[in-house]
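The values are calculated or read from the model by the stated rules, or taken from the named source; none is laboratory data. Treat the numbers as computed from the prediction; the structure is a model and nothing was measured. Glycine also receives a Cβ, built like all others from the backbone with ideal geometry; neighbour counts cover every protein chain displayed. Only protein heavy atoms, including side chains, enter the accessible area calculation; ligands, DNA and RNA are left aside. Shrake-Rupley method; radii C 1.70, N 1.55, O 1.52, S 1.80 Å.
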Amino acid sequence: MPFISPELGYLTVINLFRTDTPYKQDRLVEEMRAIVDTAAFPGWVSSTVHRGLERLGTANFIQWRGLEDLEARYAGDVFKHRTMPVFLEIMTSARLLQTEVEFSKRHPSLDYTEISPERDDYTVLEVIDVDPKEQNAAMATIRSTHEWLIDQPGYRSTTLLRGMRARGPAGGTEGNLKLLGEDNSFVVVYSQWESKDAYDKYLGVPQDERLPVRRQAEAKLGSVTLAREWNTYRVVHTRSAPKIPVAAD
């Protein structure tokens with residue numbers, strides 16, 4: 001099963017697809033599963049499919065050896081003329097996010113961060129858009145939250161990913177891509193919780209009852225945030241290339 005750690009050095013691509021009906025969400029999951037089950041792309045390490053809960057859509061958490069391998073995939077005829085055209089029919093929007101893992105920490109009871117349908121994690125994935133000049137400040141603030149999240153009932157892990165480049169469909173019926181915004185203009189927070197109830201209780205703490213360090217961090221992050229996109233997920237499928245090294249930080 002895939003593990004998340006900055007020590008692994010992978011390029012992490014997070015493909016976020018939105019759609020507008022449960023049927024289309026089912027189709028997104030089916031199409032992603034089919035691609036994952038037959039994946040043999042040079043440099044491909046793993047793919048993990050997430051099904052949206054709060055909002056209709058999917059997330060695919062993909063690990064690559066490096067940027068050259070990803071670009072070769074995007075330039076291929078199969079991607080342009082088979083893969084993306086299918087998704088264009090069933091999705092309403094897409095963001096293909098190139099990132100690198102900056103930080104991955106977890107509750108002291110866990111030895112490493114793993115993503116797998118065999119686990120029961122309630123997963124929260126948030127994309128925070130920032131001015132590129134504020135990316136480091138946003139990441140420093142998010143890193144600090146782990147220090148007090150470990151005492152929050154039901155908290156399991158936080159992974160912080162540095163956003164490098166975002167792309168999306170260029171229009172038309174083929175799979176050409178265009179840049180979305182500037183490089184280094186977002187960060188991704190991938191967190192795991194014991195349950196929806198535990199996460200909702202964390203969100204629902206009244207402002208005047210929140211820890212001072214939490215209020216300070218939220219205010220600081222809010223001051224540099226341009227937009228936020230989030231959803232909650234369950235992992236439904238994963239597959240890795242053989243002989244993938246595992247590292248814990």
How many residues are in contact with an Asp or Glu (Cβ under 9 Å, 6 or more places away or on another chain) and either open to solvent by 60 Å² or more (accessible area, probe 1.4 Å) or not in a helix (DSSP H, G or I) (or both) when one looks only at segment 126-147?
6
Which is polar (S, T, N, Q) and farther than 25 Å from Ser93 by Cα, of Ser240, Ser185?
Ser240
Residue within segment 171-185 that is closer than 19 Å to Arg51 by Cα, at pLDDT 95 or above and either surrounded by fewer than 21 Cβ atoms within 10 Å (Cβ to Cβ) or of a type in the set (A, V, I, L, M) (or both) present:
no
Residues in segment 100-123: is at least one in contact with a Leu (Cβ under 7 Å, 6 or more places away or on another chain), under 25 Å from Thr19 (Cβ atoms), part of a loop (DSSP other than H, G, I, E, B) and open to solvent by 60 Å² or more (accessible area, probe 1.4 Å)?
no
In this structure, does Tyr122 turn out to be in contact with a strand residue (DSSP E or B) (Cβ under 7 Å, 6 or more places away or on another chain), at pLDDT below 95 and within 30 Å of Ala40 (Cα to Cα)?
no
Please work out which residue is modelled with the highest pLDDT, limiting yourself to segment 201-249 and to residues that are out of contact with any strand residue (DSSP E or B) (no Cβ under 8 Å at 6 or more places or on another chain) and under 24 Å from Thr48 (Cβ atoms).
Pro242
Test for Leu56: is it farther than 26 Å from Ser104 by Cα, modelled with pLDDT of 95 or more, among the hydrophobic types (A, V, I, L, M, F, W, C) and open to solvent by less than 10 Å² (accessible area, probe 1.4 Å):
no
Suppose the filter is farther than 23 Å from Asp120 by Cβ and hydrophobic (A, V, I, L, M, F, W, C); does Ala227 pass it?
yes
